Structure formats: C-alpha cells, structure tokens
1. What FRET efficiency would be calculated for the residue pair residue 87, residue 184, taking the C-beta separation as r and a Förster radius of 22 Å, to the nearest 0.05?
2. At a Förster distance of 30 Å, what's the computed FRET efficiency of residue 123 paired with residue 336, Cβ-Cβ distance as r, to 0.05?
3. What is the packing order of peptides 179-187, 239-247, 112-120, taking the mean over residues of other C-beta atoms within 10 Å and listing the highest first?
4. Sorted from fewest to most neighbouring beta carbons within 10 Å, what does the list 160, 264 look like?
5. Relative contact order of region 243-336: what whole-number percent is it, with Cα pairs under 8 angstrom and at least 6 residues apart?
6. Testing the spin-label approximation: label points 7 Å from Cα along Cα→Cβ at residue 307 and residue 162. State their distance in nm.
7. So how do 313, 267 line up by other beta-carbon neighbours within 10 Å, fewest first?
8. Set the Förster radius R0 to 22 Å, insert the Cβ-Cβ distance between residue 104 and residue 174 as r into 1/(1 + (r/R0)^6), and round the FRET efficiency to 0.05.
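No value in this document is a laboratory result; all are computed from the given coordinates. Small disclaimer: the values here were computed from a predicted structure and weren't measured. Methodologically, a virtual Cβ is constructed for each residue, glycine included, from the backbone with ideal geometry; neighbour enumeration extends over all protein chains shown.
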C-alpha cells in the first residue's frame, strides 16, 4: 500500500491499476478489463452501487400553473372554434376564463362578501332566485352570480336583464355571452324547464336608481310575472337579500337632462361622481352579505293556478316580505358599513 495515497495496486493484463476505496475500510474489486482493451495508466475510481427509488427522487417543478394552462386552452379553443354557445348566446368557457376571475377578486378582496343560507341553493334542477336591487350600478347582480357559482360547485346564474342592457354597444353582447338574457316570461320558463338557476330583480331600475335616502326600502315588484314563470315550471322560488350594495355609490341626485340625452333611466350624482370623473366610478369598499332564504315551493299548485290573480299576488307579496324582513334583520346586526 502506498503511504501517500492509501491505495492498493492490482495487476490487470500486465497493467497496474490503482483502485481507490471511497469508504474507508471497504475493499472494492476492480472491474474486469476485456482482453482487447488497451492498458490504462489512469487511476480507476469505483463508486458504490446505489439504487434510486422513485420516492426519493425530487419532484419535477410544475412548468405551467393552472391559470396559465387554462388560458392557453381557452386561446386554442378560440382559434380552432372548438367551443359551444347555447341558444341564448351563453358561452360557459368564456365566462369561466374571462368574466368570473376579475369579479371573484372584487367579491373576495373589495366587498369581502359573506354568504348565508347556501344550503338553500339546489345543486341540480331549476330554481328562480328573486333578489332586491340597489347600488346605482347593478354590481349586486354580478356578485350574486359569483356567490351562486362558487357555492354550488360551478352552477351559473342566468340573469334576466332589462331591454336597455342589450341595447348598449358591447355591453349587450358581453351580457349575452356571460349568461344573461332578456327579462321576459318566455325566456325565463325555457331556462327553468332546462334546469337552470335563473335570477330576477323585480325592482328593476326603480331599485338601483332610488336615492340614498330610500336605501333598503324595497320598491314595487311589478305584476308578478316571475311568480307565474315559477308556477308553470314547478320550480322553487328562493328569496335573496343583499346588504352592502346600497352604499357602494350613494346616489344623492340625478341630472335628468343628461339622462334623456343619453337615453338612460337616470344620470346619478354621488359624492364622487361626476366630480372626480372616472375616479368617482370606483365603488366604495363596503362590507357585503348575501343571504339565500328558504325556498318557496310552487309545485304543489295545479296548472290552472297561474290564472288566479289573487294567488299570484299573494306569492309575490310573500317573496317581497321575506326579502324585506331579512334586510331589516341583517341591518340590525350590522355594526359598520365598511366592516360588517
């Protein structure tokens, strides 16, 4: 053994090869050299044999996040035309990829929405969701759609919108693609028969356009067309109460001349709009709650019950009173507009 290296010398085919043990006292035999191989004068280092197990191997890094992968899939489907749109113009993939993510950020981070009564939302089959309407701009409808989607595991709320929504450039087309349709009994019944969750805001522009002094006081619910749609299809009516939307854009006044020129039901004046221009259109970060009330059954009525105006009025009033009572209860429990 050489005192300098601590290695042993072996003769292989006339050539002296040095085998350097790597683990102290262990003795490692040199590999057999084929007769045809040329004599090697370089030291041969023998590494101990190891068996790699899949469990010990480091996991390969994820190259693409789920969001990036989803975006790439969406682009590929757009380029190839491999996507579906239903008879109302609803594009589910576009809604999932482009519409819901920014709305969800507003829902979670800005308004910090708390939901109650989500167990009253059916996981299958049709239902008519009837909600109060407020806030100068219809953000309450959008936030309710996010709540329904996320709390039911992906079901979409098919909102019934006013004529004006679908007459506006770009907005009308985008509303169609995101699942909204015209607020008429025929469309509502077709959607309910197909097992969809349909949203209606009976107060309409009277609700979102009312002054701040009338906040959380429900306006008239119309003639009860939504009740007849539910009765004809036998689906439950779910009252929905939204607290927090009234204070996002406190409406202090109305510039009626501008409203007539622009063809709008009102042109609002808030503490920040139009004084601060586009900056005044940023909603205040109020704390929201959305409560889904107990379903009101309609499948127990006979088919000709829709022709009874008193019954339709009674059910309409029952839904309205349920929402109003819940609003007052939630307001009594609220300690702060911005903290809930």
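1. Calculated transfer efficiency: 0.90.
2. Rounded to the nearest 0.05, the efficiency is 0.30.
3. 239-247, 179-187, 112-120
4. By the 10 Å Cβ count, ascending, the order reads 264, 160.
5. 26
6. Roughly 3.4 nm, to one decimal.
7. 313, 267
8. Here the calculated transfer efficiency is 0.80.
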